[in-house]
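The structure appears below as structure tokens.
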Ligand SMILES: Cc1cc2nc3c(=O)[nH]c(=O)nc-3n(C[C@H](O)[C@H](O)[C@H](O)COP(=O)(O)OP(=O)(O)OC[C@H]3O[C@@H](n4cnc5c(N)ncnc54)[C@H](O)[C@@H]3O)c2cc1C
């Protein structure tokens, strides 16, 4: 494989050119949209669904506009690609579950939950398996870097790569686990203050029927106008007007829940133009990338137990993490993150599956990949309404998250994972921001 290093901008430009075609040619949907609700919500991901439920509970009228052909945004359980297996293409772990509003929803509806720590059980560097001592060293290094980062974060922002040089094999594995596999950016793109601000991820739960299915249940009762992208938002006069191909919705307020990738694309036109501070905030909180390479196996387990976490590290930042056989499914789900994930996405599905297959061959023997029955690759950057996995503040720009959240003209509110403070990047965080924005609107409307 040829891993030239295209810039993120180049990759997105290339992906965007092809990605918009099918959406542009969609026929208008037949239903007519109510034109004068109290609130118009843009996007039906976890944040939009949560905002809608909060408004409904307060007796406010609303319209939810969704560009895509399904509700849920980045919460998407796929039951078709691997029949009999619920594969989460987006969010899978209910993180910070002691504070996550989706855990009670999952419990209430009888979903099958599995507590899952995020400690690495086995690590390979090239063909060599780390000893227990080396694996322990990775754990200690993580604590050391987190603590050192925290001290610096109190004084300044910057890139986590400034905190400590990464030289040894153990340091490389630590940086991979903390950077690309968690925050979805490499250490040099990871903001010191952004990392420091994040809540602890554990306790984490996995859901046998899929986290996306939990979000679908949560949003089941919310009416959504699908295939109805917001094209223009006018907020200069009375109320807010949102133009779509199916007509214009006039409301007293709007809640915008698009990813920063979707906002950066410029698809939505603003009148008046966005103020400079809002434009900068959107561009300083870019999308990071975590991509999944699920491998359906013929039953071979390579000696690994269900829910084992393994990291296959090698020189050159081409690393892959697998969660093995979750819920006894005959599947290993590979994860690649950061620059390498953008590179693989630019190359496409075959390159990603080839990479995952050769990683298995490297550590489990040259015929290991023969056990792969079917494989896939999630390519969220190719979805023009998402364009990445989740947000990561650019080093030096952590404060932009607060500006991103600030309303416009006291009637255009913003919600979504990028605005979730310590729960940024997560589904639960997005749900909390949707409710928060809706409550701010309710207060405003009286
Ligand atoms: C690979 C991957 C793994 C992840 N893993 C986890 C995990 O394990 N745990 C976790 O908690 N989180 C995880 N996440 C993150 C989680 O999925 C997101 O934080 C969450 O879905 C964000 O919700 P949101 O409502 O802010 O945005 P979204 O889910 O992106 O919803 C926004 C909606 O707006 C729509 N939209 C965009 N533009 C327009 C427009 N012009 N008009 C109308 N609609 C528009 C989009 O189609 C989308 O439906 C993961 C994400 C990915 C991609």
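Derivation of every value follows stated rules applied to the coordinates shown; laboratory data play no part. Not measured: the values here are computed from a predicted model. All Cβ positions, even for glycine, are placed from backbone atoms using ideal geometry, and neighbour counts span all protein chains on display.
Over the chain, Cα pairs under 8 Å with separation of 6+ residues give a relative contact order of 25 percent.
Comparing Cα centroids, segment 138-212 and segment 284-359 end up 19 angstrom apart. Among 185, 363, 64, the largest mean-square fluctuation in a Gaussian network model of the chain (Cα springs under 10 Å) belongs to 363. Relative to the longest principal axis of the Cα atoms of the chain, the long axis of helix 8-19 lies at roughly 60 degrees. Compute the Cα gyration tensor for segment 119-192, then decide on rounded, prolate or oblate, letting a ≥ b ≥ c be the square roots of its eigenvalues: rounded whenever a/c is under 1.5, prolate when a/b is larger than b/c in the other cases, and oblate in all that remain. Prolate shape, in that a/c is at least 1.5 and a/b is the bigger ratio.
Averaging the Cα positions of each part gives two centres, and for segment 28-94 and segment 376-446 these lie 15 Å apart.
The Kirkwood radius of segment 228-383, taken over pairs of alpha-carbon atoms, gives through the Stokes-Einstein law at 37 °C and 0.692 mPa s a diffusion coefficient of 177 µm² s⁻¹. By the beta-carbon count within 10 Å of each Cβ, the least crowded to most crowded order of 295, 206, fewest first, is 206, 295. Counting beta carbons within 10 Å around each of 109, 371 and listing the fewest first gives the order 109, 371. Each label was represented as a point 7 Å from its Cα along the Cα-to-Cβ direction; for residue 151 and residue 197 these points are 2.3 nm apart. Calculated on the Cα set of segment 294-393, radius of gyration then Dmax: 13.8, 41 Å. Projecting the alpha carbon convex hull of segment 126-239 along each direction and taking the average yields 13.5 nm². Volume of the convex hull of segment 337-416 (Cα atoms only), normalised per residue: 136 Å³. Computed from Cα atoms, the angle from the helix 338-347 axis to the main principal axis of the chain rounds to 80 degrees.
Within the listed set 239, 266, 388, the Gaussian network model of the chain (springs between alpha-carbon atoms below 10 Å) gives the highest mean-square fluctuation for 266. With bins 10 Å wide beginning at 0, the percent of Cα pairs of the chain falling in each bin runs 4, 21, 32, 26, 12, 4, 0. Mind checking the angle between helix 169-178 and the chain's longest principal axis? C-alpha axes, 0 to 90 degrees, to the nearest 10. The answer is roughly 20 degrees. In this simple spin-label approximation, residue 188 and residue 238 carry label points 7 Å from Cα along the Cα→Cβ vector, and these lie 5.5 nm apart.
The order of 258, 324, 427, going from fewest to most other C-beta atoms within 10 Å of their C-beta, is 324, 258, 427.
Of 352, 177, 402, the residue with the greatest mean-square motion in the GNM of the chain, using alpha carbon springs below 10 Å, is 402.
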